[in-house]
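Just below is one structure, and these are the notes that go with it.
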Amino acid sequence: MSFFLSWIKNYVKNPLELGAILPTYKFAANLMTKEIISNEKTIVVELGAGTGDITKSIINRGILPENLILVEINEDFCKILKQRFPKAQIYCEDAKTFFTKRIFNGKKINYIVSGLPFVAMSKAQKMEICELSFDNLSKNGVFFQITYFIKCSFPVEIINKKNLMKRLIGFTLLNVPPAFIWSIARRN
Ligand SMILES: C[S@@+](CC[C@H](N)C(=O)[O-])C[C@H]1O[C@@H](n2cnc3c(N)ncnc32)[C@H](O)[C@@H]1O
């Protein structure tokens, strides 16, 4: 089955979990990754990798596939990710489970790129995922989030608690739905 048909089948089954009617187009994917600066040690975690359209853009930024960690809850999509990115580390599980099962000693993650549908999650669930993300990001690490509303879906409580700042870094109409891209990072 093609990536597209697999997406439509799963969207019909569980629209809230997917959060978007179609996979991210390359224009929004490129906005998501435009601030990634890579070298051979840069580690990126992608949360809610779907069928891999943002993943492709992350690799185009020069991230080595073996330094790419993909987290995706949907088993059909995980099979597609394994075919498309055989060298990436792929975890077919919930983003919170991913972080609670592993401790990234030395806080080595440089970037977290998230397509997670926070608006469809409970407040507690999204707060836990966002807090765990910053517990595991390096000091200068950045979290990127795509949203389909002008309001940033990263919880303000975690922004305040962890002394973070958010920035709108991009917007495109060339996506279904139109996409806003946010970066969230520690205040220096
Ligand atoms: C809006 S889609 C983005 C997919 C892909 N990144 C893209 O841009 O095309 C959200 C993705 O997050 C996944 N997802 C939803 N809840 C999740 C969770 N709690 N943990 C991990 N993945 C989740 C969905 O299965 C879906 O693939």
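Before moving on, here are some points about what is shown:
- For the stretch 116-137, backbone nitrogen atoms closer than 20 Å to the point 7 Å from Val156 Cα along Cα-to-C-beta are found at 118-131.
- Cysteine residues of the chain whose C-beta has no other cysteine C-beta under 4.7 angstrom: Cys130, Cys152.
- Sorting 10-20, 45-55, 69-79 by average packing, meaning the other beta carbons within 10 Å per residue, from highest down gives 45-55, 69-79, 10-20.
- Measuring r between the beta carbons of Leu16 and Arg187 and using R0 = 35 Å, the FRET efficiency lands at 0.60.
- Taking 7 Å steps out from each Cα toward its Cβ at Phe149 and Asn39 produces label points 4.1 nm apart.
- The stretch 3-186 - Rg (one decimal) and Dmax (whole number), Cα, Å: 14.9, 42
- Within straight-line reach of Lys139, meaning a Cα separation under 25 Å, sit the following lysines at least 8 residues removed in sequence or on another chain: Lys34, Lys41, Lys96, Lys101, Lys107, Lys108, Lys126, Lys161, Lys162, Lys166.
The numbers here are math on the coordinates, done by the rules we state, and not lab data. Just so you know, these numbers come straight off a predicted model, no measurement behind them. As a convention, Cβ positions derive from the backbone with ideal geometry for all residues, glycine included, and neighbour counts pool all protein chains shown.
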